[in-house]
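Worksheet for the structure shown next.
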Amino acid sequence: MIRETGELATNLAKDPSILESINTLMPDLEKIQQAHERHRSIFSEVLGGASEKEEELASARNYALNIINLLHGVALLTGKYDSNIPQKLDLVQQQPITKLGANAGLGATENFRLVYEGQIIVARGSAVKGAKSYEIWICEGDPLTESNWRHHITSGCVNRIEMTDLTPGRLYYFRIRAVSSHATGPWSNFISMMAI
């Protein structure tokens, strides 16, 4: 450990721009607000019919997600030293599963995907050990705002879940999680698809 910290200090002393680059990458409030406003603005334009901006929307969404993921990652790491930081950001640290059993946590639903079958959107994913059912939530607004999400359907199987009662021509975001009698698993990444 002494050698490691010594080498780190030497490398940083030789090139102080390393720390400067790390600090530059860290999102501040202004960057987060700008990313949010840009994403929301382009999203509204695409919902209003500006289909030529869909590629720009994807870029804005990815940038916003990268900023959020970076900040959340740092917040979770600092949570080891100050548990108030992730709590204030409503971040839940996943506890490592040490053994399988009735009290074991559920994993994420992997390989979540959507396909059209005729005019119906069908969701599929990989089964999660210990899951009794799967919840799919949908969002019609900004998917980065938690309050925009609402429960859509619960299914006992994960290999074919039909998305009914959607408005044709409307863009939706979808996410899924496994549910047991004692716990819920983490959310999958969200996927967007327009109902037809």
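The values are calculated or read from the model by the stated rules, or taken from the named source; none is laboratory data. What you see is a predicted model, and the numbers here were worked out from it, not measured in a lab. Reconstructed Cβ throughout: ideal geometry from the backbone, glycine too, with neighbour counts over all protein chains shown. To get the accessible areas, we keep the full protein, side chains included, count just its heavy atoms, and leave off ligands, DNA and RNA. Shrake-Rupley method; radii C 1.70, N 1.55, O 1.52, S 1.80 Å.
Pairs only if they're at least six apart or on different chains, beta carbon under 8 angstrom, first in the stretch 62-84 and free of Cβ contacts under 8 Å to residues at least 40 places away in the same chain, second among the charged types (D, E, K, R) and open to solvent by 60 Å² or more (accessible area, probe 1.4 Å); list them, first residue then second.
63/38
Looking at (1) at positive phi; (2) at pLDDT below 85, can you tell me which one residue 118 breaks?
Checking residue 118 against (1) at positive phi; (2) at pLDDT below 85, the one that fails is (2).
Just the residues that are in a strand (DSSP E or B) and either over 22 Å from residue 51 (Cβ atoms) or open to solvent by 50 Å² or more (accessible area, probe 1.4 Å) (or both), please, taken from the stretch 145-173. Even if it seems obvious, please write down each step before you answer.
Initially, the stretch 145-173 is screened for residues in a strand (DSSP E or B), giving 149-155, 161-163, 171-173.
149, 150, 151, 152, 153, 154, 155, 161, 162 - these are the residues of the stretch 145-173 that are in a strand (DSSP E or B) and either over 22 Å from residue 51 (Cβ atoms) or open to solvent by 50 Å² or more (accessible area, probe 1.4 Å) (or both).
With the requirement that a residue be open to solvent by 70 Å² or more (accessible area, probe 1.4 Å) and either over 23 Å from residue 64 (Cα atoms) or outside any helix (DSSP H, G or I) (or both), what does the stretch 20-47 give you?
Correct list: 28 only.
Quick test for you: out of 135, 110, pick the one residue that is open to solvent by 20 Å² or more (accessible area, probe 1.4 Å) and outside any strand (DSSP E or B).
Matching residue, one of 135, 110: 110.
Output yes when any residue across the stretch 21-28 is among the β-branched types (Val, Ile, Thr), touching a Leu at 6+ places or on another chain (Cβ under 7 Å) and farther than 21 Å from residue 145 by Cα, and no when none is. Don't jump to the end; show me each part of the working.
Of the stretch 21-28, the ones among the β-branched types (Val, Ile, Thr) are 22, 24.
Narrowing further to those that are touching a Leu at 6+ places or on another chain (Cβ under 7 Å): none.
The answer is no, given that none of the residues of the stretch 21-28 is among the β-branched types (Val, Ile, Thr), touching a Leu at 6+ places or on another chain (Cβ under 7 Å) and farther than 21 Å from residue 145 by Cα.
Scan the stretch 51-86 for residues that are open to solvent by less than 50 Å² (accessible area, probe 1.4 Å) and either touching a Gly at 6+ places or on another chain (Cβ under 6 Å) or charged (D, E, K, R) (or both) and jot them down.
61, 86
Would you please name the residue that is nearest to residue 75 (Cα to Cα), looking only at residues in the stretch 1-31 that are charged (D, E, K, R) and out of contact with any helix residue (DSSP H, G or I) (no Cβ under 8 Å at 6 or more places or on another chain)?
Taking the candidates together, the pick is 28.
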